[in-house]
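The values are calculated or read from the model by the stated rules, or taken from the named source; none is laboratory data. What you are looking at is a predicted structure, and each value in this text was computed from that prediction instead of being measured. Using ideal geometry, Cβ is built from the backbone for each residue, glycine included, and neighbour counts are taken over all protein chains shown. To get the accessible areas, we keep the full protein, side chains included, count just its heavy atoms, and leave off ligands, DNA and RNA. Shrake-Rupley method; radii C 1.70, N 1.55, O 1.52, S 1.80 Å.
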Amino acid sequence: MPGHFCLADCDVLGFDLDHTLCRYRLPRSARLIYDSFAQYLVTEKGYDKDLLNLTSESLDFCCKGLVFDLEDGNFLKLAEDGTVLRASHGTKSMTSEEILETYGRREWKHFGAVSGMLSRSAKYYLYDNYFDLPGALLCARIVDTLDRHDKQKKYDFWKDMVAAIQHNYKISAFKENCGTYFPEVKNDPDKYLQRCPESVKKWLKQLKNAGKILLLITSSHSDYCRLLCEHIIGHDFEDFFDIVITNALKPGFFSHTPNQRPFRTLENDEEQEALLSLDKPGWYSQGNAIHLYELLKKMTGKLDPKVVYFGDSMHSDIFPARHYSNWETVFILEELLGDKVMVPAETESEPLEKKGKYERHLPKVPCSVSEQWGSFFVDSLPGLGNAEETLVSTWSCKCISTYSTIAIPSLEAIADLPLDYRFTRFSSNNSATAGYYPSPPRALLSPEESVPMK
């Protein structure tokens with residue numbers, strides 16, 4: 001049946017690492033990422049020292065799916081048709097009147113390019129994953145400080161921001177202990193990383209025992225990948241995967257041809273010469289999906305082995321795996337957890353000491369909804385005065401149902417299911433909520449459907 005998706009039908013399961021297999025302790029890692037960029041800008045580029053002071057309330061600004069208009073210093077939340085739903089100049093929210101005056105009810109001028117998933121441009125930047133997101137708050141605060149000194153017409157600090165990102169995340173930074181980010185995670189991994197739940201480890205083994213080929217494909221370099229995997233899975237983590245690909249430079253891994261992006265072998269985490277093809281399982285660097293697929297055909301003995309890829313970034317994982325490789329995709333969306341704090345009706349009146357037993361099992365909400373930006377999934381169109389509110393889907397929400405097979409809050413959410421469990425997939429003829437497991441976000445349900453748990 002085309003409306004269903006089942007892991008048992010897949011020959012190969014591929015996993016992204018950061019925020020997919022490896023979950024972070026989000027508020028802490030967000031602060032660390034913010035600090036690592038801010039330190040560099042203040043000490044190396046002479047930016048205002050005040051940027052180093054961060055209150056936890058200000059992290060509310062960080063919301064996935066924002067687009068930063070680099071020249072205007074504005075952050076935008078877009079509807080599925082490209083209309084601006086909310087906006088801020090620096091950290092300061094714009095009013096409905098200001099939004100309508102600046103953007104009208106038209107498609108935002110760069111929407112055509114953004115919706116083709118090009119998040120790198122001289123004009124805008126798309127924030128779609130937790131590694132980037134704290135940078136949005138920093139950029140917004142830079143706009144605020146520049147405005148305080150002198151109202152700008154155009155902003156051109158983005159090149160410095162790129163330098164800060166490269167300084168902290170470049171391939172040699174882990175080894176050289178440079179920047180703020182890697183030295184800090186190395187020093188205290190437990191502070192930032194959540195260990196892989198036993199249920200997920202068991203599930204990975206179960207998949208291997210069922211004859212599935214398991215891949216790890218991450219844009220992190222091999223030394224950082226090893227630190228993460230040993231910490232969250234254990235020293236035997238390589239036994240879980242047939243092929244490990246680090247420094248994969250996604251989305252290029254999917255979109256580039258083999259001669260643009262050959263695989264390389266590694267020795268002591270140093271990349272070696274380019275390979276003309278991929279002949280056997282193992283640990284590799286860089287590479288491309290075309291050569292990988294040739295090897296998967298050999299390993300499975302099938303002409304078109306079925307691959308599913310799990311990832312948390314629409315831009316780097318989900319869109320390219322679907323669009324270029326035609327793989328099935330499972331979108332890891334922690335925002336689905338922010339929805340789940342529903343207290344069962346019968347415990348509401350219980351004394352506090354009894355409540356504890358239930359509340360202990362509540363997921364630690366890593367991504368409570370941003371007060372400033374509202375729901376990741378829907379929003380109302382900016383209206384004037386007391387105009388009737390019209391709720392519309394966000395562009396981020398539309399991308400999920402367009403490019404993912406299913407969306408889940410974490411691997412743990414499906415680890416206990418039988419491998420032949422049939423998920424309802426997103427598809428054009430299904431409702432917009434079909435592919436969410438275990439349940440759709442409440443924001444997408446009509447009031448009749450979102451009844452509190454009884």
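Structure notes:
- Index of the failed condition, Pro262 passing every other in (1) surrounded by 15 or more Cβ atoms within 10 Å (Cβ to Cβ); (2) more than 22 Å from Ala173 (Cα to Cα); (3) in contact (Cβ under 8 Å) with a residue 40 or more places away in the chain: (3)
- Check on Tyr324, modelled with pLDDT of 95 or more, surrounded by fewer than 20 Cβ atoms within 10 Å (Cβ to Cβ) and in contact with a Phe, Trp or Tyr (Cβ under 9 Å, 6 or more places away or on another chain): yes
- Taking segment 105-172 as the region of interest, none of the helices (runs of 4 or more DSSP H) fully inside it holds 2 or more residues being open to solvent by less than 20 Å² (accessible area, probe 1.4 Å), touching a helix residue (DSSP H, G or I) at 6+ places or on another chain (Cβ under 8 Å) and not assigned by the TED database to the domain that holds Asp35.
- Test: residue in segment 439-450 that is within 23 Å of Ser316 (Cα to Cα), surrounded by fewer than 20 Cβ atoms within 10 Å (Cβ to Cβ) and either at pLDDT below 95 or outside the structural domain of Gly82 (by the TED database) (or both): no
- Qualifying residue in segment 350-368 (condition: of a type in the set (Asp, Glu), open to solvent by less than 60 Å² (accessible area, probe 1.4 Å) and at pLDDT below 65): yes
- Scanning segment 216-249 for residues being closer than 18 Å to Asp317 by Cα, of a type outside the set (S, T, N, Q) and buried (at least 22 other Cβ atoms within 10 Å of the Cβ) gives a total of 8.
- Evaluation of Lys250 against (1) in contact (Cβ under 8 Å) with a residue 40 or more places away in the chain; (2) not aromatic (Phe, Trp, Tyr); (3) not in a loop (DSSP other than H, G, I, E, B) (one fails), failing number: (3)
- Pick from segment 66-97, criterion among the hydroxyl-bearing types (Ser, Thr, Tyr) and assigned to a loop (DSSP other than H, G, I, E, B), ranking: farthest from Asp147 (Cα to Cα): Thr83
Listed here are the residues, each with its yes/no results for (1) of a type in the set (S, T, N, Q); (2) under 30 Å from Arg195 (Cα atoms); (3) touching a residue at least 60 places away in the same chain (Cβ under 8 Å).
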| site | (1), (2), (3) |
| --- | --- |
| Ala38 | no, yes, yes |
| Leu41 | no, no, yes |
| Asp60 | no, yes, yes |
| Lys64 | no, yes, yes |
| Leu76 | no, no, no |
| Gly82 | no, no, yes |
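- The residues of segment 113-130 that are at pLDDT below 90 and of a type outside the set (D, E, K, R), listed by number, are Ala113, Val114, Ser115, Gly116, Met117, Leu118, Ser119, Ser121, Ala122.
- A Cβ distance below 9 Å, combined with a sequence gap of six or more or placement on separate chains, defines the contacts here; from segment 1-20, residues that are at positive phi reach residues that are among the β-branched types (Val, Ile, Thr) in the pairs His19/Ile332.
- Test: Tyr34 is of a type in the set (Phe, Trp, Tyr), outside any loop (DSSP other than H, G, I, E, B), touching a residue at least 40 places away in the same chain (Cβ under 8 Å) and open to solvent by less than 10 Å² (accessible area, probe 1.4 Å): yes
- Within segment 275-307, being touching a residue at least 12 places away in the same chain (Cβ under 8 Å), in a loop (DSSP other than H, G, I, E, B) and surrounded by fewer than 22 Cβ atoms within 10 Å (Cβ to Cβ) holds for Leu275, Leu276, Ser277, Asp279, Lys280, Pro281, Lys302, Pro305, Lys306.
- Residue within segment 402-417 that is in a loop (DSSP other than H, G, I, E, B), open to solvent by 40 Å² or more (accessible area, probe 1.4 Å) and under 18 Å from His4 (Cβ atoms) present: no
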